[in-house]
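The values are calculated or read from the model by the stated rules, or taken from the named source; none is laboratory data. Because the structure is a prediction, the values reported are computed rather than measured. A quick note on method: Cβ atoms are made from the backbone with ideal geometry, for glycine too, and the neighbour counts reach across all protein chains shown.
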């Protein structure tokens, strides 16, 4: 009986339970499964917004966490409070150019959101952050976009330093000065919502590191969506 050599290779690919994205620092953020108690959504969040109500949300792990809080599942824009929120990840090594790539296909008058992540401030790199912000502003102006810029995110006290807090305040003042009198730029005050009097992330908004928790995102919602209504109306 002739001898037969049989080789059977069987590869089983199981469904992935979460979508891992690179974090602000060297941290992977996972899109979590819905909690046992579903988030109640108002009738406004059930609206079917048009493309003209889309905001291109540029950020990294904190932004991805906020998107997940809104029900983002990793692909299509998520609808919330009458708006379409479309997540675009920034490259931490080339922030201005990745922002330019992310908004490259947007039409004049479109709305984009931009923010640095909390690890982008180390207490000694304010000049770099200012330069990068200016490049982002220049891109938005060249394309005729409406731009919302989030100010500096606070970190936990054990993750920060007085130098970082001071640098964040300087950056926030610089951002406010750049937006003042510019009809196409709005500032979203992350720091005012999330930071305590000492400049660090409030304890009630902390996770195991400086990424904010869901209670923090819910608090941000209270001022973010009213700001958007002004952005789309062209008012400050």
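Take the stretch 72-97 and flag every residue that is under 27 Å from residue 156 (Cβ atoms) and assigned to a helix (DSSP H, G or I).
Selection gives 95 alone.
Hey, among 89, 168, which residue is surrounded by fewer than 18 Cβ atoms within 10 Å (Cβ to Cβ) and either farther than 26 Å from residue 221 by Cα or in contact with a helix residue (DSSP H, G or I) (Cβ under 9 Å, 6 or more places away or on another chain) (or both)?
Working: 168 fails: surrounded by fewer than 18 Cβ atoms within 10 Å (Cβ to Cβ).
Among 89, 168, only 89 is surrounded by fewer than 18 Cβ atoms within 10 Å (Cβ to Cβ) and either farther than 26 Å from residue 221 by Cα or in contact with a helix residue (DSSP H, G or I) (Cβ under 9 Å, 6 or more places away or on another chain) (or both).
Restricting to the stretch 150-165, and then to whatever is within 19 Å of the chain's Cα centre (by Cα) and surrounded by 21 or more Cβ atoms within 10 Å (Cβ to Cβ), can you tell me which residue is nearest to residue 61 (Cα to Cα)? Outline the logic, then answer.
In the first step, residues of the stretch 150-165 are kept if they are within 19 Å of the chain's Cα centre (by Cα); the result is 150-156.
Next cut, surrounded by 21 or more Cβ atoms within 10 Å (Cβ to Cβ) only: 150-155.
On the way: 150: 14, 151: 16, 152: 14, 153: 12, 154: 14, 155: 14 Å.
Out of the qualifying residues, it is 153.
Against the condition within 25 Å of residue 82 (Cβ to Cβ) and crowded, with 19+ Cβ neighbours inside 10 Å, how does residue 227 come out, does it pass? Give the derivation first.
Details: within 25 Å of residue 82 (Cβ to Cβ): yes; crowded, with 19+ Cβ neighbours inside 10 Å: no.
Taking the combined requirement at face value, the residue does not satisfy it.
For the stretch 150-161, enumerate the residues that are outside any loop (DSSP other than H, G, I, E, B), more than 24 Å from residue 225 (Cα to Cα) and touching a residue at least 24 places away in the same chain (Cβ under 8 Å).
Step one: of the stretch 150-161, the residues outside any loop (DSSP other than H, G, I, E, B) are 150, 157-159.
Subsequent filtering for residues that are more than 24 Å from residue 225 (Cα to Cα) retains 157-159.
Selection gives 157, 159.
Does residue 147 qualify as being in contact (Cβ under 8 Å) with a residue 60 or more places away in the chain, buried (at least 19 other Cβ atoms within 10 Å of the Cβ), on the phi < 0 side of the Ramachandran plot and not in a helix (DSSP H, G or I)? Show your work before the answer.
Working: in contact (Cβ under 8 Å) with a residue 60 or more places away in the chain: no; buried (at least 19 other Cβ atoms within 10 Å of the Cβ): yes; on the phi < 0 side of the Ramachandran plot: yes; not in a helix (DSSP H, G or I): yes.
For residue 147, the condition - in contact (Cβ under 8 Å) with a residue 60 or more places away in the chain, buried (at least 19 other Cβ atoms within 10 Å of the Cβ), on the phi < 0 side of the Ramachandran plot and not in a helix (DSSP H, G or I) - is not met.
Restricting the first residue to the stretch 75-91 and requiring it to be on the phi > 0 side of the Ramachandran plot and free of Cβ contacts under 8 Å to residues at least 12 places away in the same chain, which pairs with a second residue that is assigned to a strand (DSSP E or B) and surrounded by fewer than 20 Cβ atoms within 10 Å (Cβ to Cβ) meet a Cβ separation below 6 Å and a spacing of at least six or different chains?
Pairs found: none.
Which residue is surrounded by the fewest Cβ atoms within 10 Å (Cβ to Cβ), if the candidates are limited to the stretch 179-192 and must be touching a strand residue (DSSP E or B) at 6+ places or on another chain (Cβ under 7 Å) and assigned to a helix (DSSP H, G or I)? Walk me through it before giving the result.
We begin by selecting, within the stretch 179-192, every residue touching a strand residue (DSSP E or B) at 6+ places or on another chain (Cβ under 7 Å); these are 179, 184-188, 190.
When the remaining residues are screened for being assigned to a helix (DSSP H, G or I), the result is 179, 190.
Values: 179: 19, 190: 24.
Applying the filter and picking the extreme gives 179.
Which pairs have Cβ atoms under 7 Å, sit 6 or more apart or on different chains, and link a residue in the stretch 53-73 that is free of Cβ contacts under 8 Å to residues at least 40 places away in the same chain and at negative phi to one that is surrounded by fewer than 23 Cβ atoms within 10 Å (Cβ to Cβ) and part of a loop (DSSP other than H, G, I, E, B)?
68/31; 68/32
Might you check whether a residue that is in contact (Cβ under 8 Å) with a residue 24 or more places away in the chain, more than 20 Å from residue 100 (Cα to Cα), surrounded by fewer than 16 Cβ atoms within 10 Å (Cβ to Cβ) and out of contact with any helix residue (DSSP H, G or I) (no Cβ under 8 Å at 6 or more places or on another chain) occurs anywhere in the stretch 112-129? Explain how you work it out, then say what you get.
Start the filter on the stretch 112-129 by keeping residues that are in contact (Cβ under 8 Å) with a residue 24 or more places away in the chain, which leaves 112-126, 129.
Now restrict to residues that are more than 20 Å from residue 100 (Cα to Cα): 118-119, 121-126.
Narrowing the set further to residues that are surrounded by fewer than 16 Cβ atoms within 10 Å (Cβ to Cβ) leaves 122-125.
If we keep only those that are out of contact with any helix residue (DSSP H, G or I) (no Cβ under 8 Å at 6 or more places or on another chain) too, we end up with none.
No: the stretch 112-129 contains no residue that is in contact (Cβ under 8 Å) with a residue 24 or more places away in the chain, more than 20 Å from residue 100 (Cα to Cα), surrounded by fewer than 16 Cβ atoms within 10 Å (Cβ to Cβ) and out of contact with any helix residue (DSSP H, G or I) (no Cβ under 8 Å at 6 or more places or on another chain).
Just checking, does the stretch 193-201 include any residue being within 24 Å of residue 93 (Cα to Cα), at pLDDT 95 or above, crowded, with 16+ Cβ neighbours inside 10 Å and touching a strand residue (DSSP E or B) at 6+ places or on another chain (Cβ under 8 Å)? Please lay out each step first, then the result.
Within the stretch 193-201, the subset within 24 Å of residue 93 (Cα to Cα) is none.
Scanning the stretch 193-201 turns up no residue that is within 24 Å of residue 93 (Cα to Cα), at pLDDT 95 or above, crowded, with 16+ Cβ neighbours inside 10 Å and touching a strand residue (DSSP E or B) at 6+ places or on another chain (Cβ under 8 Å).
Being in a helix (DSSP H, G or I), touching a strand residue (DSSP E or B) at 6+ places or on another chain (Cβ under 7 Å) and touching a residue at least 40 places away in the same chain (Cβ under 8 Å): is that true of residue 175 here?
On the way: in a helix (DSSP H, G or I): yes; touching a strand residue (DSSP E or B) at 6+ places or on another chain (Cβ under 7 Å): yes; touching a residue at least 40 places away in the same chain (Cβ under 8 Å): yes.
Taking the combined requirement at face value, the residue satisfies it.
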